[in-house]
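Notes for the one structure printed next.
Throughout, read-outs are computed from the coordinates displayed, never taken from laboratory work. As the structure is a prediction and not an experimental result, all values here were calculated from the model. Don't worry about glycine lacking a Cβ; one is built from the backbone with ideal geometry, like all the others, and counts go over all protein chains shown.
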Amino acid sequence: MVWQLNSYTWHKREKVVYFDSIFSMISFVMPEETKKQPTIDDIISLCKRRGFVFQSSEIYGGFAAVYDYGPYGVELANNIKQAWWKAMVQMREDIVGLDASIFMSPKVWEASGHVSGFSDPMAECKQCQTRSRVDHLLETAGITADEKMSEEEINALLTEHMAEVRCPKCGQSDFSEAKNFNLLVQSNLGDFTDKGEDPVYLRGETCQGIYVNYRNVMSSSRVKIPFGVAQIGKAFRNEITARQFIFRTREFEQMEMQYFTHPEQEMEEYEKLREARWQYYIDLGIKPENLQWHKHENLVFYAKEAYDIEYNFSFGWKELEGVHARGDYDLTQHAKASGQDLNYTDGKTNETFVPHIVESSVGVGRTMLMVLTDAYTEEEVGDGSRVVLKLHKSLVPIQVAVFPLLRNKPDLVAKAHGVFDQLKEDFRCEFDDNGNVGKRYRRQDEIGTPYCVTVDFESLEDGMVTVRDRDTMEQERVAITDLNSYFADKL
Ligand code: GAP
C-alpha cells in the first residue's frame, strides 16, 4: 500500500481511491445532508460562481430584470427544453411542434385583448419613487387582489390598507394612486416614420403564434381533433417589479402547449393534462412535498378553470406553471378579428364547431430556478461541508468529467484526452485538469456532474480508471474499454 499525500491518493494494487480532501482520509464518512432549503442568495451565488447565470450587461452596471445564461446555464436550459419537448411532442402521437416568430401583426394583440387589458396595477412610493405592483404589495399584507378588479376597486383596497403595505425599498407606507400599466413591450419594427404611431409588439406570450397557425397546422399535417401544438420561444413583458432573480424577468422563454378539443371534451382533456404535467415534474425528480396545486379563485372572464402548479421557492409558494381551460375564446376572437373561418368540421360526424383549448404554460428560467433550488444540497463530508447539485441525470450540464491525476505528466494527460474523445460522442463531457482531484470533485459537485473519471499511473498499466459517483462519493475501477456501456447503463 502507498500513501500519496500530495494528490490525496490511497493506493493499493487492486484499488485506487482519490479522497475528496485530505480530511476525508482521516474520517471517511458518507455524506450527510445538513440544510433543507437554500436561500435565494445561495442560488444566486452558485449561479454566478459556477457560470449558470450572469446579470445582463454587467460591465455597464447591469440591466434590470434581464439575465444571461453562462456556459453551464445554457446547457441546463437546453436540457430543460429538451426534456419538455420530449415529454410534450416526441412521446405524444397527438401533439406536434411549431416555431412561430416573435413579431406578429399588431392585430393579433388587439384581438387577443392584450392591447386593452394585459396590464398590472402599479403605484409609486411617494418617498423613494420605487414603483411596485399593487397586487403584490397587498399580498404582503395578506390581502388578495382580484385579477378582474378595476382601477377604482384596486385603489379603494390600497387606500383602505395603506398603513399595512410597505415600500419594499424604503419601508414607508405612502403610495400614489394605482394605475394600470400595460405589459406589452413595443418596438419600431417596420416603422420608418420615427413617430411610433403604429407600434409592433414583442410577443407577450408564445401561444398566440399557435392560435394564428392553428389552421395551417391542421391543413398541412395529419392531426385531427383532439390534438396539440407545442412551442418553445421568447416572450417579453414590461414587468413592473423585477425581483427574485430569474423567477420574473422582462425577457424570458416560455414552453407552451395548446390542446384543441371538442367543446364537450374540454374538461376531460384538461384533467388529463393536469395529471400529465404533475407526473412530469415527479419524473424529473422534483420533491413532491415542494409541489402543490393552486386553484384560481378569480378567473379571467373567458377561462372555465385555471390551476397553477406551485413550487415551494425560498421566497414562498409561487406559480411555476399554469394549466388553463380557455374555452373557445382564442379562436373566436381571431376568427372575428381576421374575418377567417377557424371552425373545425369533424370528417366523420360532419359536425362543425369552434375548438376549445386547454393549455400548459411554463417558463424556462422559472423551471431552472426550481430545479436548482430542488437539487441544491449542503452536506457534511468529514472535512466540513460540500455543496452538491443533485440534478436529475437528464438535466445535468455535464454528464462525465474526465481528469488526468496530474496535469504536468504528459502520459496521463494524453491518456485522459483519449478517454474524453472516446466518451464525447455519447455523453456531455468535460476535460478538467485544474487544481487537485479534491478541488475538481468539489467543482463538479457544484455543477451537478454525476460521474468523474480519473486517469492515474495505474491506468497506464492496467487500462482501468477510477469512477466517482456524485451522490454517494463512492469510487470504483472500471476498464476504459467498458466505460461507454457503463455510463450508458447509468445515465
Ligand atoms: N399563455 C398563458 C400565459 O402566458 P402566464 O401565467 O402569464 O400564462 C405562464 O405565464 C408561465 O410563464 C408562468 O407560469 C411562468 O412559468 C412563465 N412566466 C410568465 N411571466 C414570466 C416572467 N415575467 N418571467 C419568467 N417567467 C414567466
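Fully extended, how many nm does the chain gain between residue 267 and residue 289 (0.36 nm per residue separation, minus their Cα-Cα distance)? Can you show the working numbers first?
Details: separation 22, 0.36 × 22 = 7.92 nm, distance 2.65 nm.
That pair, residue 267 and residue 289, stretches by 5.3 nm at full extension.
For the chain, find the longest principal axis of its Cα atoms and tell me its angle to the long axis of helix 40-49, 0 to 90°, nearest 10.
Approximately 60 degrees, to the nearest ten.
Over the range 252-330, what is the relative contact order in percent, taking alpha-carbon pairs closer than 8 angstrom and at least six residues apart? Can you show the working numbers first?
Numbers: 80 pairs, mean separation 20.4, N = 79.
Answer for the range 252-330 is 26 percent.
Could you line up 356, 294 from fewest to most neighbouring Cβ atoms inside 10 Å? Before the final figure, lay out each step's value.
On the way: 356 26, 294 15.
So the residues, fewest neighbours to most, are 294, 356.
Calculate the spin-label point distance for residue 57 paired with residue 476, positioning each point 7 Å from the Cα along the beta-carbon direction, and give it in nanometres.
A separation of 5.3 nm, rounded to one decimal place.
Among 68, 120, 328, which comes first, second and so on when ranked by fewest other beta-carbon atoms within 10 Å? Before the final figure, lay out each step's value.
Working: 68 13, 120 20, 328 17.
With the fewest neighbours first, 68, 120, 328 line up as 68, 328, 120.
Only bridges whose two residues both fall in the chain count here: according to DSSP, what percent of them are antiparallel, nearest 5? All intermediate terms of the calculation are to be shown ahead of the outcome.
On the way: 78 of 90 bridges.
If we restrict to bridges inside the chain, about 85 percent are antiparallel.
P(r) for the chain: what percent of alpha-carbon pairs falls in each 10 Å bin, starting at zero?
Going from the shortest bin to the longest, the percentages are 4, 16, 24, 22, 16, 11, 6, 1, 0.
What is the distance in Å between the Cα centroid of the range 44-90 and that of the range 409-487?
The range 44-90 and the range 409-487 have Cα centres separated by 26 Å.
What full-extension length gain, to one decimal in nm, is calculated for residue 213 and residue 68 as 0.36 nm per residue of separation minus the Cα-Cα distance?
Details: separation 145, 0.36 × 145 = 52.20 nm, distance 3.02 nm.
Going from the current span to full extension adds 49.2 nm.
Going by alpha carbons, how many degrees (0 to 90, nearest 10) lie between the helix axis of 207-220 and the longest principal axis of the chain?
Roughly 90 degrees, rounded to the nearest 10.
By counting other Cβ atoms within 10 Å of each Cβ, how are 329, 72, 302 ranked from fewest to most?
Values: 329 19, 72 22, 302 15.
Exposure proxy ranking, most exposed first: 302, 329, 72.
With respect to the cross-link table entries 48/409; 287/393; 81/490, which display a Cα-Cα separation exceeding 24 Å?
Details: 48/409 32 Å; 287/393 15 Å; 81/490 22 Å.
In this structure, 48/409 exceed 24 Å between Cα atoms.
Relative to the longest principal Cα axis of the chain, at what angle does helix 71-85 sit, 0 to 90 degrees, rounded to 10?
With both axes taken from Cα atoms, the answer is about 60 degrees.
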